[in-house]
Amino acid sequence: MILSSVAGKAASHGVRHILQLLDYRLGLGMAPPTKVQATLTHRCNCRCVMCDLWKWRDQESELAAKRWIEILEELQDWAGTFRVNFSGGEVLLKPGVYRILRRAVKLCARPCSSLCHRSHSLRDKVKLFARYARDGRL
């Protein structure tokens, strides 16, 4: 039973991969993605010399957390299981980021979400992320 389940998933992913290759070559834009990169915010509390992202003043044009959740739900309806990587400036400064992460984890049948951020803001979040790693909940 487990072997048939694994074989079914492998076949499904193989077909999906072939469709993506054909779609890419033909330029149709119809194959669903397996990976998504989402830039949630440009906000950043670092002032790195090599980066000017923190100077951007586009917070007013950012999508609200509610809209990000709707987008994730639309992606899940279209693509099924997918992986999403949340990035930006300092992602943890995005209002509603924990609601977005919770929904992303619930929508995917396997652990799918990753988060790129600057580690100095993580000091305040260690217990929260430890609980997430243990329980799968935020």
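The table for this structure:
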quantity	calculated
Test for Thr39: is it surrounded by 10 or more Cβ atoms within 10 Å (Cβ to Cβ) and touching a Ser or Thr at 6+ places or on another chain (Cβ under 6 Å)	yes
Checklist (1) closer than 30 Å to Arg16 by Cβ; (2) not in a helix (DSSP H, G or I) applied to Arg57, failing item	(1)
Residue selected from region 44-72 under the condition in contact (Cβ under 8 Å) with a residue 12 or more places away in the chain and of a type in the set (S, T, N, Q), by the criterion nearest to Val15 (Cα to Cα)	Gln59
Test result for Leu28, more than 18 Å from Val97 (Cα to Cα), over 22 Å from the mean Cα position of the chain (by Cα) and assigned to a helix (DSSP H, G or I)	no
Residue within region 65-76 that is under 13 Å from the mean Cα position of the chain (by Cα), at pLDDT below 85 and either over 20 Å from Arg16 (Cβ atoms) or in a loop (DSSP other than H, G, I, E, B) (or both) present	no
Single unsatisfied condition, Leu75 versus (1) over 12 Å from Leu107 (Cβ atoms); (2) in contact (Cβ under 8 Å) with a residue 12 or more places away in the chain	(1)
Matching option when the condition is surrounded by 14 or more Cβ atoms within 10 Å (Cβ to Cβ) and either on the phi > 0 side of the Ramachandran plot or of a type in the set (Ser, Thr, Tyr) (or both), among Gly96, Gly89	Gly96
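Condition check ((1) within 30 Å of Ile18 (Cβ to Cβ); (2) of a type in the set (A, V, I, L, M); (3) part of a loop (DSSP other than H, G, I, E, B); (4) touching a strand residue (DSSP E or B) at 6+ places or on another chain (Cβ under 6 Å)) across all residues:
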residue	(1), (2), (3), (4)
Pro33	yes, no, yes, no
Ala38	yes, yes, no, yes
Cys51	no, no, yes, no
Leu63	no, yes, yes, no
Trp78	yes, no, no, no
Phe86	yes, no, no, yes
Tyr98	no, no, no, no
Lys106	yes, no, no, no
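The values are calculated or read from the model by the stated rules, or taken from the named source; none is laboratory data. Fair warning: this is a prediction, and the values are worked out from it, not measured in the lab. So basically every Cβ, Gly included, is an ideal-geometry build from the backbone, and we count neighbours across all protein chains shown.
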